[in-house]
Amino acid sequence: MSLTVYEYSRCGTCRKAIKWFNEKNIDVNLIPIVEEPPSASEISELIQKSGLDIKKFFNTSGLVYKEMKLKDKLPTMSVEEKIKLLASNGKLLKRPIVTDGDKVTVGFKEETFNEVWSK
């Protein structure tokens, strides 16, 4: 199994996830999320495959999110506007985003990784 992992090297959560994959000997293709964020169509597909609400894809604790005052703006934006916004700035995306092409997880929770990626 080979997974695509959108990650940020300065992100402690990403480092924990990558360590988890390494310990399980799972092959990962790392994509730097800040330099190479997924396109709007890729984000749309990731959201659909994850089954999560689009809000779960926003890095709500990030500086860019706070500077842009998105907590107040997001509720009034359309899904298309939110997707374009996520595609425009990799720092707005919660990370890591992991996919095998069919399944998608966002963030790192060991129990979720054990359930989804240990198979």
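The values are calculated or read from the model by the stated rules, or taken from the named source; none is laboratory data. Owing to the predicted nature of the structure, the values given are computational and were not obtained by experimental measurement. Cβ placement follows ideal geometry from the backbone for every residue including glycine, while neighbour counts extend to all protein chains displayed. For accessibility, only protein heavy atoms count, side chains too; no ligands or nucleic acids. Shrake-Rupley method; radii C 1.70, N 1.55, O 1.52, S 1.80 Å.
Annotation: the antiparallel percentage among DSSP beta bridges lying fully within the chain is about 55.
Where only DSSP H runs of four or more residues are counted, the chain gives -11500 deg cm²/dmol as its mean residue ellipticity at 222 nm, each run worth -39500 (n - 2.57). 3J(HN,Hα) couplings calculated from phi for the range 90-98 with the Karplus curve 6.51 cos²θ - 1.76 cosθ + 1.60 (θ = phi - 60°) are, in sequence order, x, 6, 7, 7, 5, 9, x, 10, 10 Hz; Gly and Pro show x. Computed about the Cα centre, the dipole magnitude for the range 30-75 is approximately 320 debye when only Lys and Arg (+1) and Asp and Glu (-1) carry charge, each at its Cβ. Given their separation in residues at 0.36 nm each and the Cα-Cα distance between them, residue 76 and residue 48 gain 8.0 nm when the chain is fully extended.
Just the number, please: Stokes-Einstein D of the range 80-119 in µm²/s, Kirkwood Rh from C-alpha pairs, 25 °C, 0.890 mPa s. Taking Rh from Cα pairs, D becomes 214 µm²/s.
Among 67, 80, 42, the largest mean-square fluctuation in a Gaussian network model of the chain, built with springs joining Cα atoms closer than 10 Å, belongs to 67.
Legend: residues 68, 1, 77, sorted from most to least accessible area (1.4 Å probe; ligands, DNA and RNA excluded), read 1, 68, 77.
Placing +1 on the Cβ of every Lys and Arg and -1 on the Cβ of every Asp and Glu, with nothing else charged, gives the chain a dipole about its Cα centre of roughly 500 debye. Normalised by 2.2 N^0.38 Å, where N is the number of residues, the C-alpha radius of gyration of the chain stands at 1.02. When the listed pairs 71/109; 69/103; 49/82; 16/71; 55/84; 16/94 are checked against a 21 Å cut-off, the alpha-carbon distance exceeds it for 71/109; 69/103; 16/71. Per residue, the accessible area of the range 58-119 comes to 59 Å² when a 1.4 Å probe rolls over the protein heavy atoms. At 1.4 Å probe size, with the rest of the protein present, what percent of the exposed accessible area of the chain is carbon and sulfur atoms? On the chain, the fraction of accessible area on carbon and sulfur atoms equals 47 percent. Using Cα-Cα distances under 8 Å and only pairs 6 or more residues apart, what relative contact order does the chain have, in percent? Computed value for the chain: 35 percent relative contact order.
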